Amino acid sequence: MALTALVALPTGPGWHPPAAAQASDQVSLNVAPVTNATPASRVRLPIQVQARDGLVKNAFIRIRGLPATAALTEGYAIAPGAWAVPLNGLPSLMVIVPVGLEGKSEVVVALMNVEGSILAEATTTLSIARPAPPPVAAAPPANSTTRALSAPQLAPADRTRAQNLHARGEEQLSRGNIYAARQFFERAAEVGLPESALALGATYDPAELQRLRVVGLKPELNEARKWYEKARELGAADAEARLRRLGGR
């Protein structure tokens, strides 16, 4: 019988062979057996739904077992660590991992109907670990025109406070509260956290606002440039490229 419904077919790096799902002969649900992530990041959560005779009307995805401080870019929370996600949100579904979160979680993904019955179910292990430190780069030659960035060092207490502020900014950003996110990012950037200055600049950057699918918010190039320059001073690796994209120097 020909396949008549296909939702969120994932592609690209990071996609593992799908884990077997508990499903009827009519509906199947596939997820990666392991989803790898790092703290303070966003990672794709590929979910594939297939149905032989079309999906049940108003069906949705229920996800349980996420860390309580993690969030999703689509759907809404129904309990700590549990989310409901519409099927049309699956292609862009990502997990928002806050600063400082590490460890493994068994995440249960279920296809539900409106009566609360499980039509299909699968599991994935969300594995969050800090990336390996990058190799030490060789010093540039004496006649190099490369700009040498000397990032200030934060005291441990200041870094912790700034990271907490940044995490709250990311949380507000995931909810679409741009103005509230800016306040937290600015406070963390003033403490000296480079990723906060970069994130703050992104909330004014037209390219980043488009990537975040923000509608109705006017970009402000001068503000974006100001905070990208601040991020560059603090040692943010991506700041230079974003300034070039804006036409900054």
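Let's see how each residue does on (1) closer than 20 Å to I118 by Cα; (2) of a type outside the set (S, T, N, Q); (3) part of a strand (DSSP E or B); (4) out of contact with any Asp or Glu (no Cβ under 7 Å at 6 or more places or on another chain):
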{"residue": "V43", "(1), (2), (3), (4)": "no, yes, yes, yes"}
{"residue": "V49", "(1), (2), (3), (4)": "yes, yes, yes, yes"}
{"residue": "L55", "(1), (2), (3), (4)": "yes, yes, no, yes"}
{"residue": "I61", "(1), (2), (3), (4)": "yes, yes, yes, yes"}
{"residue": "T69", "(1), (2), (3), (4)": "no, no, no, yes"}
{"residue": "V85", "(1), (2), (3), (4)": "yes, yes, yes, no"}
{"residue": "G89", "(1), (2), (3), (4)": "yes, yes, no, no"}
TODO: Scan P10, P33, P18 and give me the residue that is modelled with pLDDT of 75 or more, within 25 Å of the chain's Cα centre (by Cα) and surrounded by 13 or more Cβ atoms within 10 Å (Cβ to Cβ).
DONE: P33
Task: the stretch 72-83: number of residues that are open to solvent by less than 20 Å² (accessible area, probe 1.4 Å) and at pLDDT below 95 - done: 1
TODO: May I ask you to list pairs of residues, at least six apart or on different chains, whose Cβ atoms are under 7 Å apart, with the first in the stretch 230-249 being at positive phi and the second being open to solvent by 50 Å² or more (accessible area, probe 1.4 Å) and in a helix (DSSP H, G or I)?
DONE: none
- [ ] Could you grab the pairs with beta carbons closer than 7 Å, sequence gap of 6+ or different chains, first residue in the stretch 202-213 and at pLDDT below 90, second one part of a loop (DSSP other than H, G, I, E, B)?
- [x] L209/L217; L209/P219
Task: Search result, residues across the stretch 111-132 that are open to solvent by less than 30 Å² (accessible area, probe 1.4 Å) and without any contact (Cβ under 8 Å) to a residue 60 or more places away in the chain - done: M112, N113
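The values are calculated or read from the model by the stated rules, or taken from the named source; none is laboratory data. The structure displayed is predicted, hence computed values, not measured ones. So basically every Cβ, Gly included, is an ideal-geometry build from the backbone, and we count neighbours across all protein chains shown. What goes into the accessible areas is simple: the full protein's heavy atoms, side chains included, and nothing from ligands, DNA or RNA. Shrake-Rupley method; radii C 1.70, N 1.55, O 1.52, S 1.80 Å.
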